[in-house]
Amino acid sequence: MRFDVLTLFPELFAPFMASGVTRRAYESKQVEVVLWNPRDFAQGNYKRVDDRPFGGGPGMVMMAEPLSACLDAALAARGSPAPVVLFSPIGEALRHEAVERWSASEGAVLVCGRYEGIDQRFIDTRVTHQISLGDFILSGGEIAAMALLDAVARLQPGVLGDEASHVQDSFNPALDGLLDCPHYTRPEQWNGQGVPAPLLSGHHVQIERWRRDQRLAITAARRPDLIAAARAAGRLNQADETALKKKL
């Protein structure tokens with residue numbers, strides 16, 4: 001798959017793509033990332049990409065023309081139409097289901113906004129999808145773009161050392177959409193705290209029941225909406241319901 005990223009700060013992506021386990025996806029071109037700078041498509045000696053907002057107010061607004069020309073070049077280089085994604089507070093919250101869809105797609109063009117925002121005319125005519133990471137504001141869309149790229153890259157075959165790793169992630173359908181359980185490693189005793197006995201038992205069924213009960217308890221306490229969704233989908237059995245009642 002290929003992601004074309006429109007950004008005024010392409011230099012931010014080099015260390016990101018060269019670090020951590022997901023670098024395998026970028027090195028192998030399983031996830032190809034092509035960077036485009038709208039400033040390269042701006043007019044005049046100063047290559048302006050922003051201007052003051054009509055109606056007054058603080059900040060600057062990214063101009064439609066350089067962005068549109070940059071997008072045209074990216075789409076031409078791809079050789080076929082592609083979704084155009086803008087990271088925006090009004091976008092759909094990025095969730096695991098959406099990440100799975102993007103990870104099985106042919107990619108997209110990711111538009112990273114800056115300043116006070118982007119000329120609405122560009123959004124209305126060129127953007128096909130809007131995505132939000134949550135109810136907060138970043139200084140630009142680059143971090144959001146990296147979040148999507150990282151989430152997609154780690155789902156590609158062979159990227160993680162253990163193919164089963166992402167199956168045990170929070171929100172994964174394999175865990176019925178629940179939050180993950182706590183994890184422990186050596187030493188067995190640390191600062192007077194031990195490892196829960198079931199994890200030391202060597203009894204597979206007992207270990208899995210403990211992990212399931214922990215996932216249920218944590219999800220019920222932190223994200224009861226996920227419990228409700230799992231229940232509505234018929235993913236909770238009688239043992240699960242009994243464990244939840246014990247935690248009430």
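The values are calculated or read from the model by the stated rules, or taken from the named source; none is laboratory data. This is a predicted model, so every value here is computed, not measured. When we count neighbours, we look across all protein chains shown, and the Cβ atoms used for this are built from the backbone with ideal geometry, even at glycine. Ligands, DNA and RNA are stripped out before the accessible areas are found, and what is left, the full protein with its side chains, is counted by its heavy atoms. Shrake-Rupley method; radii C 1.70, N 1.55, O 1.52, S 1.80 Å.
Can you confirm whether segment 226-247 contains a residue that is part of a loop (DSSP other than H, G, I, E, B), surrounded by 12 or more Cβ atoms within 10 Å (Cβ to Cβ), under 32 Å from the mean Cα position of the chain (by Cα) and touching a residue at least 60 places away in the same chain (Cβ under 8 Å)?
There is at least one residue in segment 226-247 that is part of a loop (DSSP other than H, G, I, E, B), surrounded by 12 or more Cβ atoms within 10 Å (Cβ to Cβ), under 32 Å from the mean Cα position of the chain (by Cα) and touching a residue at least 60 places away in the same chain (Cβ under 8 Å).
Specify which of the listed residues (ALA153, ALA145) is touching a Cys at 6+ places or on another chain (Cβ under 6 Å) and surrounded by 12 or more Cβ atoms within 10 Å (Cβ to Cβ).
So the residue among ALA153, ALA145 that is touching a Cys at 6+ places or on another chain (Cβ under 6 Å) and surrounded by 12 or more Cβ atoms within 10 Å (Cβ to Cβ) is ALA145.
Does TYR46 count as open to solvent by less than 70 Å² (accessible area, probe 1.4 Å), more than 20 Å from SER139 (Cα to Cα), outside any strand (DSSP E or B) and among the hydroxyl-bearing types (Ser, Thr, Tyr)? First the steps, then the outcome.
Values: open to solvent by less than 70 Å² (accessible area, probe 1.4 Å): no; more than 20 Å from SER139 (Cα to Cα): yes; outside any strand (DSSP E or B): yes; among the hydroxyl-bearing types (Ser, Thr, Tyr): yes.
In short, no.
Out of everything in segment 171-210 that is open to solvent by 40 Å² or more (accessible area, probe 1.4 Å) and at pLDDT below 95, what residue ends up being nearest to the chain's Cα centre (by Cα)?
Checked segment 171-210; the qualifying residue nearest to the chain's Cα centre (by Cα) is PHE171.
Looking at segment 19-26, is at least one residue assigned to a loop (DSSP other than H, G, I, E, B) and open to solvent by 50 Å² or more (accessible area, probe 1.4 Å)? Steps first, please.
Filtering segment 19-26 down to residues assigned to a loop (DSSP other than H, G, I, E, B) leaves 19-22.
Then drop every residue that is not open to solvent by 50 Å² or more (accessible area, probe 1.4 Å), which leaves 19, 21.
Yes - at least one qualifying residue is present in segment 19-26.
Looking at the structure I just gave you, is GLU116 farther than 18 Å from ILE143 by Cβ and out of contact with any Lys or Arg (no Cβ under 8 Å at 6 or more places or on another chain)? Outline the logic, then answer.
Values: farther than 18 Å from ILE143 by Cβ: no; out of contact with any Lys or Arg (no Cβ under 8 Å at 6 or more places or on another chain): yes.
So GLU116 does not fit the description; no.
Mind listing just one residue for me: the one in segment 98-113 that is more than 17 Å from GLU142 (Cα to Cα) and touching a strand residue (DSSP E or B) at 6+ places or on another chain (Cβ under 8 Å) and, of those, least open to solvent (accessible area, probe 1.4 Å)?
Within segment 98-113, the match that is least open to solvent (accessible area, probe 1.4 Å) is ALA98.
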